[in-house]
Every structure is written in structure tokens, then in C-alpha cells.
Amino acid sequence: MKKDLLSIADLNRKEVKGLVERAHRMKEEGMTDLLSGKTLALLFEKPSLRTRVSFEMAMHQLGGHSIYLSPAEVGLGKRESTADVARVLSRYVDGIAARTFSHETLRVLAENCSVPVINALSDMEHPCQALADLLTIYEKKGKLSGLTLGFIGDGNNVSNSLLLSASLVGMDFHFACPPGYEIEKKVLNKGRKFAALSGSQIRITNDPYEAAKGADIVYTDVWVSMGQEADAEKRRRAFANYQVDSELLGLAKKDVLFMHPLPAHHGEEISAGLLEDPRSVVFDQAENRLHLQKALLAKLLSDSKVPGK
Ligand code: CP
Ligand code: NVA
């Protein structure tokens with residue numbers, strides 16, 4: 001595996017499956033001392049509940065330690081250049097999980113760090129979320145390939161990482177958004193290359209019904225991501241007909257999984273009460289962030305590289 005995980009495209013199909021399977025096994029293990037003596041810095045420019053807590057708990061359960069660094073403390077690129085922060089932190093810690101506004105900040109961090117850098121969400125991708133989502137799908141459906149994921153919503157960090165993950169593992173990806181909110185060409189082209197190898201199909205439409213129809217998984221995310229607050233009203237208007245509700249889920253397969261990375265805005269991208277729908281697996285998704293990140297940290301930070309792990 002590469003030193004850093006900035007994008008799902010940093011992984012190949014075998015590595016993705018390996019992480020999902022290892023996370024599935026680690027779920028049973030509880031506490032270990034695999035990362036005893038290791039420290040992970042959590043360098044965050046944006047708020048977080050799941051990502052911060054699951055990374056801190058993952059380090060704890062692996063016998064290691066974590067340090068949370070808030071934007072107020074570090075001032076990445078403001079108080080000190082990103083490259084200098086990277087070079088200093090590399091002298092203290094064994095890995096960095098960073099949540100940034102710009103993906104470019106992550107790239108500069110990784111380039112200047114001698115220790116692994118993990119993308120804990122940027123404007124371009126949310127790979128830890130997508131990998132944990134694959135774990136949830138694998139647990140519920142017993143497989144990853146041969147399924148269809150219908151994403152209704154924004155061409156954003158979450159949908160970018162899901163498109164790349166699905167196309168790597170052979171899952172069809174049907175995406176519906178309002179005109180002007182599509183997945184970026186660069187990401188789509190990468191996804192299409194992966195899909196050509198795995199045999200999965202990518203379909204893009206403006207019709208939410210088309211994306212939900214016959215799907216094994218219906219997925220949505222917020223209409224206004226962190227950092228897009230200035231466009232909130234415009235976005236709410238554009239996405240008004242893209243709410244996922246019980247009726248839309250009814251177009252999918254009977255045993256459909258409803259997924260959302262959370263935080264959710266009830267009455268916006270989901271109808272009120274949808275998280276409590278029996279088809280919803282959103283809290284399993286949230287839990288699996290912990291297990292997947294344990295597998296990822298074990299892989300990237302562990303000195304004792306056991307063959308095949
Ligand atoms: N899903 C997710 O990343 O949640 P947080 O923003 O709370 O970390
Ligand atoms: N797209 C959302 C995901 C939050 C986990 C955001 O970037 O705010």
C-alpha cells in the first residue's frame with residue numbers, strides 16, 4: 001500500500017477488499033497492542049463527531065495514542081505554512097489524519113510528511129467514509145460486486161469516494177443530481193477506468209427515480225457541505241426535488257439498504273423519520289468507521305508488517 005491515503009484511487013481492488021475483510025475480522029478482536037507506542041495526530045480544519053471520535057477510539061483500542069489539534073491551535077497555512085507543520089509533526093508522531101477544506105492542503109501535507117497522512121475528509125474526497133460503507137454493505141449483503149448503489153444528491157467528497165470505491169470493486173453506481181451539481185469530470189474519468197476493469201456500470205442522470213429504481217443501496221448526503229454555507233439557499237432550491245423518502249426507497253429492491261454518512265438534515269435530503277426506517281443502516285455505517293479505521297491504521301502505522309496483512 002502507498003504511504004498515504006488521500007484518495008480511494010490510492011488503493012487497488014485487492015487493497016480495498018483486504019481492508020474491508022481485515023476490518024470485519026478486527027470487529028471481533030476488541031483491544032490489541034498492535035500500535036503500542038504509536039501516536040496519531042488529528043489535524044482538523046472543520047468540525048467532526050464521527051471521524052474524530054472513531055479515530056481516537058481506534059488508536060486507543062490498538063494500544064496507541066492520539067492528539068487532537070483544532071484549527072484554532074495550528075492555523076494550518078495561516079500561523080505556519082502547511083509544509084512546515086508537516087515537517088514538524090513528522091518529528092513527533094507516527095501518522096496524521098487530516099480534515100481540510102482544500103484537497104491541495106492534504107497533498108502538500110503528504111508531500112512534506114515522512115509519516116503516513118490519511119484524508120479525514122477534504123473538499124474532494126472522504127475515503128474513510130467510503131471504505132467503512134463498503135464494510136457495511138459487505139456485512140449486510142455478503143458481497144461487494146454485482147450490486148447497484150443509487151446515489152441521489154450532490155457531486156461532492158462523499159459521492160466522489162463512493163463512485164471510485166464502487167467502480168473498483170465491481171459495484172454499479174447510478175448517480176442522480178440536479179443539473180450543475182454533477183461529479184467532476186476528472187473523478188468520473190478515473191471511475192470509468194476502474195469500471196472498465198471491474199465490469200461495473202456508471203450511470204449519470206438528473207432523475208432521482210432512475211437512480212433509485214432496482215437499487216440494492218440508496219445513498220444520499222447533505223446538500224450543503226462544510227465550507228459551502230454561502231450557497232446554502234441556492235443549493236436548497238436546486239435540490240428540492242431530490243429528497244430521499246419512503247416512496248423513493250420503494251422503487252429500489254425490497255431488501256434495499258438506505259445509507260447516509262451523517263450528519264443528516266431531516267426534512268432536507270431525507271424525509272423526517274427516515275433514519276428510523278427498517279431499511280436504514282446509518283448507525284451501522286457510523287460504527288463501522290471505527291472498525292475500518294482500525295484496519296487502516298494497523299496497515300499504515302504498524303512496524304510489524306505481517307505478510308498478507
Ligand atoms: N460522516 C462523518 O465524517 O461525520 P463527521 O463529520 O461527524 O466526522
Ligand atoms: N459532504 C459532507 C460530508 C460530511 C461527513 C461535508 O463535506 O460536509
>> Please report the carbon-and-sulfur percent of the accessible area for the range 165-273; probe 1.4 Å, protein heavy atoms only, DNA, RNA and ligands left out.
In response: 50
> For the range 182-264, what is the relative contact order in percent, using Cα pairs closer than 8 Å and at least 6 residues apart in sequence?
Replying inline: 38
> Once phi is turned into θ = phi - 60°, what whole-Hz ³J(HN,Hα) does the Karplus curve with 6.51, -1.76 and 1.60 give for every residue of the range 234-243, x standing for Gly and Pro?
Replying inline: 4, 5, 4, 5, 5, 9, 3, 8, 10, 6
> Which helices pass in the chain if a helix is a full DSSP H run, must span at least 30 angstrom along its long axis by Cα, and must have mean Kyte-Doolittle hydropathy not below -0.5?
Replying inline: none
>> Through the Karplus equation 6.51 cos²θ - 1.76 cosθ + 1.60, θ set to phi - 60°, convert the phi angles of the range 248-257 into ³J(HN,Hα) values in whole Hz; use x for Gly and Pro.
In response: 5, 4, x, 7, 7, 4, 4, 9, 4, 9
> residue 140: which aspartates and glutamates have alpha carbons under 18 Å from its alpha carbon, excluding same-chain residues fewer than 8 sequence positions away?
Replying inline: 21, 28, 172, 216, 255, 276, 277, 284, 287
> If you take the charge dipole of the chain about its Cα centre, with +1 on Lys and Arg Cβ and -1 on Asp and Glu Cβ, which of 32, 163, 217 is farthest toward its positive end?
Replying inline: 32
> For q = 0.15, 0.23 Å⁻¹, what log10 I(q)/I(0) does the range 1-89 give under the Debye formula with an equal point scatterer on each alpha carbon and no solvent?
Replying inline: -0.77, -1.29
> Evaluated at 10 °C with a viscosity of 1.306 mPa s, what Stokes-Einstein diffusion coefficient in µm²/s does the range 187-309 have when Rh comes from the Kirkwood expression over alpha-carbon pairs?
Replying inline: 93
> When ranked by the protection proxy of mean other Cβ atoms within 10 Å per residue, highest first, what sequence do the peptides 107-117, 283-293, 44-54, 67-77 form?
Replying inline: 283-293, 107-117, 44-54, 67-77
> In the neighborhood of residue 235, defined by Cβ-to-Cβ distances under 13 Å, what is the net charge if each Lys or Arg adds +1 and each Asp or Glu adds -1?
Replying inline: -4
> Excluding same-chain residues fewer than 8 positions from residue 38, which lysines have a Cα within less than 25 Å of its Cα?
Replying inline: 2, 3, 27, 46, 294, 299, 305, 309
> Percent relative contact order of the chain, based on C-alpha pairs within less than 8 angstrom and at least six residues apart?
Replying inline: 20
>> From zero outward in steps of 10 Å, how is the percent of C-alpha pairs of the chain spread across the bins?
In response: 6, 28, 36, 23, 7, 0
> Near residue 5, within a Cβ-to-Cβ distance under 10 Å, what is the net charge of the other residues, with Lys and Arg +1 and Asp and Glu -1?
Replying inline: -1
> Using alpha carbon centroids, what distance separates the range 273-305 and the range 50-76, in Å?
Replying inline: 16
> With a sphere of radius 11 Å drawn around the Cβ of residue 167, what net charge do the other residues whose Cβ falls strictly inside it have (Lys, Arg +1; Asp, Glu -1)?
Replying inline: +3
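The values are calculated or read from the model by the stated rules, or taken from the named source; none is laboratory data. On a predicted model such as this, the values are computed, not experimentally measured, just so you know. Every residue, glycine among them, receives a Cβ derived from its backbone with ideal geometry; neighbour counts consider all protein chains shown. Please note that ligands, DNA and RNA were not included when accessible areas were found on the heavy atoms of the full protein model with its side chains. Shrake-Rupley method; radii C 1.70, N 1.55, O 1.52, S 1.80 Å.
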